[in-house]
1. Give just the number: which of (1) part of a loop (DSSP other than H, G, I, E, B); (2) among the aliphatic types (A, V, I, L, M); (3) not assigned by the TED database to the domain that holds ALA207 does VAL144 not satisfy?
2. Restricting the range 90-122 to residues that are charged (D, E, K, R) and modelled with pLDDT under 75, which is least open to solvent (accessible area, probe 1.4 Å)?
3. Please pick out the residue among GLY87, GLY19 that is over 22 Å from the mean Cα position of the chain (by Cα), open to solvent by less than 30 Å² (accessible area, probe 1.4 Å) and at pLDDT 70 or above.
4. As an exercise: evaluate LYS187 against (1) charged (D, E, K, R); (2) touching a residue at least 24 places away in the same chain (Cβ under 8 Å); (3) assigned to a helix (DSSP H, G or I) and give the number of the one condition it does not meet.
5. Using beta carbons and a limit of 8 Å, which pairs, at least six apart or on different chains, have the first residue in the range 11-27 and outside any helix (DSSP H, G or I) and the second one aromatic (Phe, Trp, Tyr) and open to solvent by 80 Å² or more (accessible area, probe 1.4 Å)?
6. Which residues, taken from the range 90-138, are closer than 20 Å to MET226 by Cα, within 15 Å of the chain's Cα centre (by Cα) and not hydrophobic (A, V, I, L, M, F, W, C)?
7. Could you look through the range 209-239, keep only residues that are of a type in the set (Phe, Trp, Tyr) and buried (at least 18 other Cβ atoms within 10 Å of the Cβ), and pick out the one that is farthest from the chain's Cα centre (by Cα)?
8. Count, please, the residues in the range 183-208 that happen to be more than 23 Å from TYR67 (Cα to Cα) and either open to solvent by less than 50 Å² (accessible area, probe 1.4 Å) or basic (Lys, Arg) (or both).
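The values are calculated or read from the model by the stated rules, or taken from the named source; none is laboratory data. This is a predicted model, so every value here is computed, not measured. Here the Cβ positions follow ideal geometry from the backbone for every residue, glycine too, while neighbour counts run over all protein chains shown. Heavy atoms of the whole protein, side chains included, go into the accessibility calculation; ligands, DNA and RNA do not. Shrake-Rupley method; radii C 1.70, N 1.55, O 1.52, S 1.80 Å.
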Amino acid sequence: QPGLETYPDIGQAAFGTYGRIALSGFLVTLGTLENMDQVSDRGPTFWLFVPVALTSCSKSPACCVEYIILEGDNLASLFPNAYVSLGGLELSPQRLFALMATLAVLPTVWLRDLSVLSYISAGGVVASILAVLCLFWVGLIDQVGFHNKGTTLNIATLPVAVGLYGYCYSGHAVFPNIYTSMANPNKFPSVLIACFAICSLLYAGTAVMGYTMFGEATESQFTLNMPKDLIASKIAVWT
């Protein structure tokens, strides 16, 4: 149906205004719950950035909050001494870079036509593949090795795993926008299947390599585990 660009639009078309309100609230609540475990140990001031991300990125709040955390952690590992003090508020490197990532991503979430971001998206795909290749290089060529073992199921870290799974497959929130932005919308089903298949293989390969390399010490982002003195590690973090 013309004019349906988001899931709240679909909810309103199906159930009226109450459908829009209910679906919008569900998306924001789900995103908050998925990221509760990731944000809870960041300190009270980190929560200041969450409402900004949730309100500005209501199409995919979970993805935006996870992205902010990822950028904050990786950039803080590159610049560990980047502290800023504003009055009585002191920003640690993680919080400072999280704020910068929030400000950087804001303009992109206001776009209605996602074809504008197609080139940036292609760059993100290349960067993701490059990061995985760096992980493989560190394990095989730089001889970190693949000999770590651990428990098959760890209930204590299950919430973190669920949040990471949600982040990896959170692209469904913008499916309506992608469909309406495509030059040939009739190809959407085949594009969707191909993308999910490629992403699943990439995720599975990364998970197996990362866990066999770092075992129980594996962080939420494998770039935090990679030895910082290696060239491949620096390339992975910068990408």
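1. (3)
2. This residue is ASP113.
3. Among GLY87, GLY19, only GLY19 is over 22 Å from the mean Cα position of the chain (by Cα), open to solvent by less than 30 Å² (accessible area, probe 1.4 Å) and at pLDDT 70 or above.
4. (2)
5. none
6. Within the range 90-138, SER128 is the sole residue that qualifies.
7. PHE214
8. Number satisfying all stated conditions: 4.
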